[in-house]
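Please treat every number below as a calculation from the coordinates, not as lab data. Computed from a prediction, not measured in an experiment: that's the story for all the values here. So basically every Cβ, Gly included, is an ideal-geometry build from the backbone, and we count neighbours across all protein chains shown.
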Amino acid sequence: MAGQNDLLESLMSHGIDMRSRTVYLDDDIDSRVARKFIRGLRFLDKTDGKITMILNTGGGDVSSGFAIYGAIKNCRNEVHVEVFGCASSMGSIIMQAADKRFMDSTAKIMIHYGEIGMVSDHCKNVEKTLEENKRENEWMENLFIKIIKMKRPKFTKKRFKEEILFDRYINANEALKLGLVDEILNP
């Protein structure tokens, strides 16, 4: 029994709860966090049953976030996300990969355009970096517009772009009205 408890404790330290088939993403997103999360998700996806993801993140690295998004989309099992606290920046995108999305009534989503850190490089490399940032932002716009239009068909891309010029915080009720979540926990 001690060996089994040690294994369960070890898995929990890696953000995996085998008993409830839950994986946690509760840190700023970087390659280390993405690697740990994806390994945990893949571990749970090897067996049958719904996987729950608990999400509370301030966002982070775009490439690592896209890796997490892709890993969720490619799960053979159904993935449910539950947002507690905040799903900011890449977190708001990652949560959209889940089959079902839930938010605690006190949680919020923050959507904005991706940032580019201080750039000191050859001007051609800076131009390429800006082009890539524009592509990522357009992908993000299209993702959210597609989701929002399912619930609000007259919602325009122009309106979305205007609303996220600056950090846009969305509470659980508004997220439900926009179709960014499927259900509010503890309404």
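Looking at the chain, the DSSP beta bridges with both ends there are about 20 percent antiparallel. Mean-square fluctuations from a GNM of the chain, with a 10 angstrom spring cutoff on Cα atoms, peak among 143, 55, 41 at 143.
Between the helical axis of 123-151 and the longest alpha-carbon principal axis of the chain there is an angle of about 70 degrees.
Over the chain, with a Gaussian network built from C-alpha contacts below 10 Å, which listed residue (116, 72, 29) shows the highest mean-square fluctuation? Comparing 116, 72, 29 in a Gaussian network model of the chain, the most mobile one is 116.
Take the Cβ atoms of residue 128 and residue 73, set R0 to 25 Å, and the FRET efficiency comes out at 0.40. Rounded to two decimals, the Cα-based Rg/Rh of segment 39-111, with Kirkwood Rh, is 0.96. The candidate values are [x] 36; [y] 47; [z] 31; the one derived from this structure for percent of Cα pairs over 27 Å apart carries the label [z]. Helical content alone sets the calculated 222 nm signal of the chain at -14500 deg cm²/dmol, taking -39,500 (n - 2.57) per DSSP H segment of four or more residues and averaging over every residue. Projected onto its three principal axes, the C-alpha set of segment 26-80 covers 30, 18, 15 Å, listed from the longest axis down. From least to most packed, judged by other beta carbons within 10 angstrom and beginning with the fewest, 18, 90 follow the order 18, 90. When the chain is treated as a GNM with alpha-carbon contacts under 10 Å, the residue of 102, 144, 166 showing the greatest mean-square fluctuation is 166.
Scaled to the globular estimate 2.2 N^0.38 Å, the Cα spread of segment 134-187, given as radius of gyration, is 1.17. Taking GluC sites (Glu not before Pro) in DSSP loop conformation with at most 15 other Cβ atoms inside 10 Å as exposed sites, the chain has its longest uninterrupted site-free stretch at 1-77. Sorted ascending by nearby beta carbons within 10 Å, beginning with the fewest, 47, 22 become 47, 22.
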